[in-house]
Amino acid sequence: MRKLLIMTALGLGVTACTTMNKADDMRLSELCEARSFAVFFETGSSDLDNDAEATLSAVSSAYDDCDLFRLEVVGYADSVGESEANLALSDRRADAVLAELNDRGVMADRVAIVPMGERTILDDEEPDAFERRVVVTLIPE
């Protein structure tokens, strides 16, 4: 766990933060780099499987290592079905991921959900698992 020394100049409204030592500073910068994780789904489903649970465990651990992160949770769908239904499905997928992250202690007030539906399809001819995903990006603040 990192240690910060916070000093406030009373009456001046000036705040300065400094790390306790250089080793903590280097570890913090390594832990607090932007990272992305992908969770994949079956066609038409927003249910999390065992692989998703393992991925979200890694997200939660990375989030815990650096409390200076905000998260972006972007849901996607393939082109099977109607566009409106796929947009709703991508939103449900993002919500399912967020709910699991909340259960693991990730604060919802630092999360943005972006349902994309099928707007980023790579190949309309053959939908695949890569298109049925949620991408969680940890972004340093």
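The values are calculated or read from the model by the stated rules, or taken from the named source; none is laboratory data. Source: prediction; values computed, not measured. Note that we place each Cβ from the backbone using ideal geometry, even for glycine, and neighbour counts take in every protein chain shown.
General remarks:
- Filtering segment 52-62 to residues that are farther than 16 Å from residue 129 by Cβ and touching a helix residue (DSSP H, G or I) at 6+ places or on another chain (Cβ under 8 Å) leaves 53, 56, 59, 60, 62.
- Counting the residues of segment 86-141 that are at pLDDT 90 or above, assigned to a helix (DSSP H, G or I) and in contact with an Asp or Glu (Cβ under 6 Å, 6 or more places away or on another chain) gives 1.
- Selection of segment 36-67 for residues being part of a helix (DSSP H, G or I) and either small (Gly, Ala, Ser) or outside the structural domain of residue 112 (by TED's automatic domain parsing) (or both) yields 52, 54, 57, 58, 60, 61, 62.
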